[in-house]
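Here, each number is a calculation from the coordinates, and none is a lab measurement. Keep in mind it's a predicted model, so treat the numbers as computed, not measured. Virtual Cβ from ideal backbone geometry, glycine too; neighbours counted across all protein chains shown.
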Amino acid sequence: IAEESKSTTCSPSFASIALLQKMDKTVGILGGGQLGRMLAASASLLNIDVVILDVGDYTPAKQIVVPRKPETAHINGSFADPAKIRELASKVDVLTVEIEHVDAAVLEEIEKNLPLGVHPSPSTIRIIQDKFIQKEHLKNHGSPVSAFFPVEPTVSSIKQAAEKLGFPLMLKSRTLAYDGRGNFVIREESKIEEALSVLKDRPLYAEKWVPFVKEIAVMVVRSTSGEVSSYPAVETVHKDNICHLVFAPLRSRDPSVANHARQVAEAAVKTFKGAGIFGVEMFLLADGSIYLNEIAPRPHNSGHYTIEACETSQYENHLRAILSLPLGSTALKVPSAAMLNILGASSNIDEITQFSREALSIPGASIHLYGKADCRKGRKMGHITIVAQSDAELRTKLRPLLEKIPGGSS
Ligand code: ATP
Ligand code: MG
Ligand code: MG
């Protein structure tokens, strides 16, 4: 072996040893919810250690990772606490996030001390976590976004925005937004005060209403060298502002729409620094044009389907990207797939258990439960992915689930 190792050409066995050594890294994750859980599950298949920072010892992600050595024990604390973030950084080779609402300044400070840095780049997180700055960034880099306007939290300022953008007007919180919490649709001038009372004390901006026919999404993975690769475009269906269903691939009368969506998503992700997976949410209009809604710099609900339906899942490709390993194929390996979120309908967790049991009898359905102890209305408790050989077969398998889903499907 010693003789061989002197050779300048690398034999396949040596290449794979080099790869294994590279994979022998420790990844720190800010946040231990369901995205961290699925990321950790993916990491375990590649012998990649993960250390999770979140409040509590039994969060969804921590439940599934028993540390392989004392040095990689999880950390109990807030992912918004600078001291805890520094402690996490001292234990890992690279830091990543399952949520963008983190302290970008602390990440900027520690990124140079980490062997493989922080991914996505803290500068990317800083831009994306303020939706107004994100929109300006996208507009300045030529991404198609609908008109938007900065506003002050006053009736007169919002009136001024409405004069430019019209009604209905989408009033959005610039920060800490998720699942539509932070959005208010103002349908007429008389509702401005109500919008302000709901979004009080939050920094705001206004967006022109987009009369979309479909919401679509594309996952894009970006390597440390800036190379990007996109997954197929999918259709996302929201219920009460929360992702309800995803259909892959996107079906549309004009088949060029899907490729156009991928191009828009890839071009947008290229404008950001750092490696990893990004979820790009878009609106499709009746004339086939596309507007970019927002970008998540992390694994995304619209990419859960990739676990069963694509050659490499969004989670594995995120790990490959941040560890500078070769990116995996993003191709679909089934003709048709759907993802159904299992959302809490009430505080009764038995409804979730019962529904999941029934889903087990659907062939081709994969049930993912997130291990959350408490159920609440609208809380993401799990999801189901269905793969099928045709759209017709997919609908047949999906129908009984939609009929029985807690809270109903409409
Ligand atoms: P997420 O959980 O995806 O992060 P969020 O709280 O950041 O959600 P948005 O994605 O901005 O919220 O908006 C939530 C939903 O509201 C969108 O998926 C879309 O259905 C609708 N929406 C957002 N902006 C507009 C708009 N300008 N015009 C019409 N509908 C919109
Ligand atoms: Mg968002
Ligand atoms: Mg969104």
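Counting only DSSP beta bridges with both residues in the chain, the antiparallel share comes to about 85 percent. Estimated from the Cβ-Cβ distance and a Förster radius of 30 angstrom, the FRET efficiency linking residue 141 and residue 45 is about 0.25. Packing, as the average of other Cβ atoms within 10 Å across residues, places the peptides 91-98, 241-248 in the order 91-98, 241-248, highest first.
Taking the average, over residues, of other Cβ atoms within 10 Å as the packing measure, peptides 354-361, 52-59, 291-298 rank 291-298, 52-59, 354-361 from highest down.
Once the Cα-Cα distance is subtracted from the 0.36 nm per residue extended length, the residue 361 to residue 101 segment shows a gain of 89.8 nm.
Count charges around residue 28 for me, please; just the other residues with Cβ under 10 Å from its Cβ, Lys/Arg as +1, Asp/Glu as -1. That sum, taken over residues with Cβ under 10 Å, equals -2. Ranked by the mean number of other Cβ atoms within 10 Å per residue, highest first, peptides 309-320, 388-399 order as 309-320, 388-399. Taking 0.36 nm per residue of separation and subtracting the Cα-Cα distance, full extension of the segment from residue 329 to residue 287 would add 12.0 nm. Taking only alpha carbon atoms, the stretch 308-410 gives an Rg to Rh ratio of 1.04, where Rh is the Kirkwood radius.
A simple count of charges around residue 101, restricted to other residues whose Cβ falls under 14 Å of its Cβ and scoring Lys, Arg +1 and Asp, Glu -1, yields -2.
With a cut-off of 10 Å between beta carbons, the residues surrounding residue 133 carry a summed charge of +2, where Lys and Arg count +1 and Asp and Glu -1. Of the trypsin sites (Lys or Arg not before Pro) found in the stretch 228-285, those that fall in a DSSP loop while having at most 15 other beta-carbon atoms within 10 Å are 251, 253, 273.
Hey, rough spin-label estimate for residue 212 and residue 113, points 7 angstrom out along Cα→Cβ, what's it come to in nanometres? Here the modelled spin labels are 4.0 nm apart. The calculated FRET efficiency for the pair residue 71 and residue 240, based on their C-beta separation and a Förster distance of 41 Å, comes to about 0.40.
Secondary-structure-derived ellipticity at 222 nm for the chain, considering helices only, amounts to -9500 deg cm²/dmol, per-run term -39500 (n - 2.57) for DSSP H runs with n ≥ 4.
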